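Visitor: Structure in structure tokens, see below.
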Amino acid sequence: MQAASPNVSATRPSTAMTLLAFAIIYFVWGSTFLAIRIGVLQVPPLLFAAMRFFAAGLVLYGWTIASGERGPDRRQWLSALLLALLIFVGDYGCLFWAEQRVPSGVAAVLLATIPAFMALSEIVILRTQRLSLRLALALMVGLCGVAVLVSRLNLGGAPVDRAGAIAIMAGAISWSVASVLTRKLPLPPSKSVSSGAQMLLGGAMLALAACARGELRSFHPAVVSLAAWLALVYLIVFGSIIGFTAYLWLIHHQSPTKVGTYAYVNPVVAVLLGYLAGGEPLGARTVVGALCVLASVVLITTGRAGRPQPTAQLEMTE
């Protein structure tokens, strides 16, 4: 992460606005994991994800185009299609499916391995850095945290479902590859247009994937509880539209280093909220695994000061 950014506005924003924006990306994004779990326990996962992102993408893209922003050209649409496949089908599709089997707090911890996989993607795809001793240590610590979560060590509580954990890790890799490819692909100069287009395409592809899996046959809207519908509205409005708007505002007024601190906070918020509001277990296994993964994130992000950030245009979590 870099200490300063040319995109940071010279106009100093109010302290209240800054605190509000940080609160949104810290706590709202951290809370989306529990909202996802509430929804996918009653609505088929890919269909639930499709409803969230297609609706959010339609609002965001429609609003930006109506505001006078220029839409993507053909090459930019193709780039957005590839990124949407990796981010929404590859990452969020896996996450929504896995949260049927994995507690929301643990899912957030597992997804916090994204910085590690992003660093590896930079080495393999961009070749902008080498595997340093610090990075190797960070990767080992993070993988040890994952191993603790899925192991049968006597740490209290049942180990995390392995199929769910593997799905989330696969999603983290997919997101990381997409984030690195974003630097090389032609995309609209407007982040709002680009992200709205990606959400829209991602929602459409998730809907097709849901149909292919036969999820429509098992979906009965009349039996879905009010809590699940409210979770969907929360994810669309707060998790995607408001959360993304706050993120964009911060990127233009604060350094990426400060904005990137949400990667440390979101898993902690998700674990605590899952325990307090979702009745999820919080034993030694979860605590030790989370501490290892977060230590890995800190080692990677603090060791990359001065490096340009990937221009991925969507949140790394939820």
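The values are calculated or read from the model by the stated rules, or taken from the named source; none is laboratory data. The shown structure was predicted, so the numbers you read here are calculated from the model rather than taken from an experiment. Positions of Cβ are generated from backbone atoms using ideal geometry, with glycine treated the same way; all protein chains shown enter the neighbour counts.
Visitor: Name the single residue that is farthest from Met118 (Cα to Cα) among those in the stretch 37-92 being hydroxyl-bearing (Ser, Thr, Tyr) and surrounded by 16 or more Cβ atoms within 10 Å (Cβ to Cβ).
Guide: The first filter runs over the stretch 37-92 and keeps only residues hydroxyl-bearing (Ser, Thr, Tyr), leaving 61, 64, 67, 79, 92.
Still in the running and surrounded by 16 or more Cβ atoms within 10 Å (Cβ to Cβ): 61, 64, 79, 92.
On the way: Tyr61: 27, Thr64: 29, Ser79: 19, Tyr92: 16 Å.
Ranking the qualifying residues of the stretch 37-92, first place goes to Thr64.
Visitor: Here is a follow-up. What do you reckon, is Tyr247 crowded, with 18+ Cβ neighbours inside 10 Å, touching a Phe, Trp or Tyr at 6+ places or on another chain (Cβ under 7 Å) and at pLDDT below 90? First the steps, then the outcome.
Guide: Details: crowded, with 18+ Cβ neighbours inside 10 Å: yes; touching a Phe, Trp or Tyr at 6+ places or on another chain (Cβ under 7 Å): no; at pLDDT below 90: yes.
Criteria not met by Tyr247.
Visitor: Moving on to the next point. Say whether the condition of being within 30 Å of Arg74 (Cβ to Cβ) and in contact with a Pro (Cβ under 9 Å, 6 or more places away or on another chain) is met by at least one residue in the stretch 153-176.
Guide: yes
Visitor: Right, something else. Using beta carbons and a limit of 6 Å, which pairs, at least six apart or on different chains, have the first residue in the stretch 273-288 and buried (at least 20 other Cβ atoms within 10 Å of the Cβ) and assigned to a helix (DSSP H, G or I) and the second one charged (D, E, K, R) and modelled with pLDDT under 95?
Guide: Every condition considered, the pairs that remain are Gly274/Glu280.
Visitor: Assess whether Pro44 counts as being under 26 Å from His253 (Cβ atoms) and of a type outside the set (Val, Ile, Thr). Can you show your working first?
Guide: Numbers: under 26 Å from His253 (Cβ atoms): no; of a type outside the set (Val, Ile, Thr): yes.
The answer is no for Pro44.
Visitor: Output the qualifying pairs, or none if there are none: Cβ atoms under 8 angstrom, residues six or more apart or on different chains, first residue in the stretch 177-188 and modelled with pLDDT under 90, second residue small (Gly, Ala, Ser).
Guide: Close Cβ pairs (under 8 Å, with a partner that is small (Gly, Ala, Ser)) amount to Ser179/Ser121; Ser179/Ala312; Val180/Ser121; Thr182/Ala312.
Visitor: While we're here: Against the definition (assigned to a helix (DSSP H, G or I), in contact with a Lys or Arg (Cβ under 9 Å, 6 or more places away or on another chain) and over 19 Å from Leu111 (Cα atoms)), how does Ile251 come out, yes or no? Explain how you work it out, then say what you get.
Guide: Working: assigned to a helix (DSSP H, G or I): yes; in contact with a Lys or Arg (Cβ under 9 Å, 6 or more places away or on another chain): yes; over 19 Å from Leu111 (Cα atoms): yes.
It is true that Ile251 is assigned to a helix (DSSP H, G or I), in contact with a Lys or Arg (Cβ under 9 Å, 6 or more places away or on another chain) and over 19 Å from Leu111 (Cα atoms).
Visitor: Let me ask you something else. With the requirement that a residue be over 19 Å from Phe33 (Cα atoms), in contact with a helix residue (DSSP H, G or I) (Cβ under 8 Å, 6 or more places away or on another chain) and of a type in the set (Gly, Ala, Ser), what does the stretch 152-175 give you?
Guide: Correct list: Gly156, Gly157.
Visitor: What do you reckon, is Arg183 among the basic types (Lys, Arg) and over 20 Å from the mean Cα position of the chain (by Cα)?
Guide: On the way: among the basic types (Lys, Arg): yes; over 20 Å from the mean Cα position of the chain (by Cα): no.
The answer is no for Arg183.
Visitor: How many residues does the stretch 116-148 hold that are within 20 Å of the chain's Cα centre (by Cα) and either aromatic (Phe, Trp, Tyr) or farther than 21 Å from Thr302 by Cβ (or both)?
Guide: Residues that pass the stated criteria total 1.
Visitor: Right, something else. Which one of these does Arg152 not meet: (1) closer than 26 Å to Ala277 by Cα; (2) outside any helix (DSSP H, G or I)?
Guide: Exception for Arg152: condition (1).
Visitor: Determine which member of the set Arg134, Arg127 is basic (Lys, Arg) and over 20 Å from Ile173 (Cβ atoms). Walk me through it before giving the result.
Guide: Numbers: Arg127 fails: over 20 Å from Ile173 (Cβ atoms).
The unique qualifying residue is Arg134.
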